[in-house]
Amino acid sequence: AFMAHHDPLTGLPNRTLLLDRLTAFTRPGTRSRAEFAIAFLDLDGFKAVNDTLGHSAGDELLRQVAGRLQGALRDSDTISRIGGDEFVFLMADLQDAHEAHRVTTTLISVLERPFRVGTDDICVTGSVGVAFYPQDGLTADDLMRHADIAMYRAKREGRNRTCFFNPQIEQEQRDRHQLLHAIRKAVAAQEFRLAYQPKVNGRTGSLIGVEALLRWTLNGQPVPPAVFVPLAEEAGQMTALGQWVLRAACEQGRRWLESGHRLTVAVNVSASQFRDRAFIPGVQRTLTDTGFPPGLLELEVTEAVLMQDIRQVNQILKDLQHLGIRIALDDFGTGYSSLSYLHQL
């Protein structure tokens, strides 16, 4: 019975036991008028621990996290691990939302000190979403779903914080899922288009090049790139979309060249594209297929991408340089600007 209702890694109650207790709490006639809430906590950066240190280190980290969180709870609260790096807290007998915020702030704060795993000090944070009974849901399923939605909002707002559920967040979540679905369809149907921003010689006023800008219209309304580009990354569509952009821009550049206009064409490269092993062969194949001269192609890469893995980035840049392609550093100074890295690049 214990094994059926507890997580084997941490010894905490599992999803089955949590839902049993939540169902009992939400059963009509079994609660007083005092509020209770559930808090959904997801670790920030846990995947990187598994990827770099291995799953054994990840398991040990989860055990230590569970111990700290359990030690920070009030006597009336219950903590459970429902899978992966997700923990759910049942906070009983709350006086108001302020008390719930105090509890979740404490939970987040106990994660601030580094965790010692083997010979490594590991730093993780937590994003928390909170849903209250009865205003945010009358059933265990509704409360869990709404707390989960609020947690993802906390992640999008910068992580390491608490977000409380409200109906507007749920509607935004629905809109977000619909947009993700529309993006996948648009990529498959090639419904995007390119606009070309001119680059002009400031001294002579002559047109010397263009930058290809991705545009998308949905149901007759333009969708800002700041909205659909991050969602395309999240949906895993940015590599395919980036390949289409590169090919379309090179084809247009070749047509301009054939009509007597020798223009440099700049194309933005996404982080997922740049890290893809097929990126360099794909660029080379596109240039061959379109007949566009490599010397007229300029790839714009953001500072955030270039500062990630200096060795890998250097090799990619060398390969591009070998093809004769120009490189531009975009958004310099908006992130972690390492001048020593810049010098190496």
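So the values come out like this:
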{"quantity": "Selected residue (criterion: nearest to TRP216 (Cα to Cα)) from residues of segment 238-267 that are in contact with an Asp or Glu (Cβ under 6 Å, 6 or more places away or on another chain) and at pLDDT 95 or above", "calculated": "ALA266"}
{"quantity": "Test: residue in segment 124-132 that is farther than 28 Å from ALA48 by Cα and either touching a residue at least 40 places away in the same chain (Cβ under 8 Å) or loosely packed, with under 13 Cβ neighbours inside 10 Å (or both)", "calculated": "yes"}
{"quantity": "Checking ARG174 against (1) assigned to a helix (DSSP H, G or I); (2) crowded, with 16+ Cβ neighbours inside 10 Å, the condition it does not meet", "calculated": "(2)"}
{"quantity": "Single match in GLY67, GLY58 (criterion: assigned to a helix (DSSP H, G or I) and open to solvent by less than 20 Å² (accessible area, probe 1.4 Å))", "calculated": "GLY58"}
{"quantity": "GLY209, sole failed condition from (1) farther than 17 Å from GLU300 by Cα; (2) surrounded by fewer than 20 Cβ atoms within 10 Å (Cβ to Cβ); (3) at pLDDT 90 or above; (4) of a type outside the set (Val, Ile, Thr)", "calculated": "(1)"}
{"quantity": "Any hit, segment 316-329, residues being open to solvent by less than 70 Å² (accessible area, probe 1.4 Å), assigned to a helix (DSSP H, G or I), free of Cβ contacts under 8 Å to residues at least 40 places away in the same chain and within 20 Å of LEU214 (Cβ to Cβ)", "calculated": "no"}
{"quantity": "Only listed residue being touching a residue at least 12 places away in the same chain (Cβ under 8 Å) and in contact with a Cys (Cβ under 9 Å, 6 or more places away or on another chain), chosen from VAL305, VAL301, VAL267", "calculated": "VAL267"}
{"quantity": "Of all residues in segment 253-304 being assigned to a helix (DSSP H, G or I) and among the small types (Gly, Ala, Ser), the one that is most open to solvent (accessible area, probe 1.4 Å)", "calculated": "ALA304"}
{"quantity": "Checking PHE228 against (1) more than 19 Å from ILE327 (Cβ to Cβ); (2) surrounded by fewer than 20 Cβ atoms within 10 Å (Cβ to Cβ), the condition it does not meet", "calculated": "(2)"}
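The values are calculated or read from the model by the stated rules, or taken from the named source; none is laboratory data. Note that the coordinates shown come from a computational prediction; the quantities given were computed from them, not determined experimentally. Reconstructed Cβ throughout: ideal geometry from the backbone, glycine too, with neighbour counts over all protein chains shown. Ligands, DNA and RNA are stripped out before the accessible areas are found, and what is left, the full protein with its side chains, is counted by its heavy atoms. Shrake-Rupley method; radii C 1.70, N 1.55, O 1.52, S 1.80 Å.
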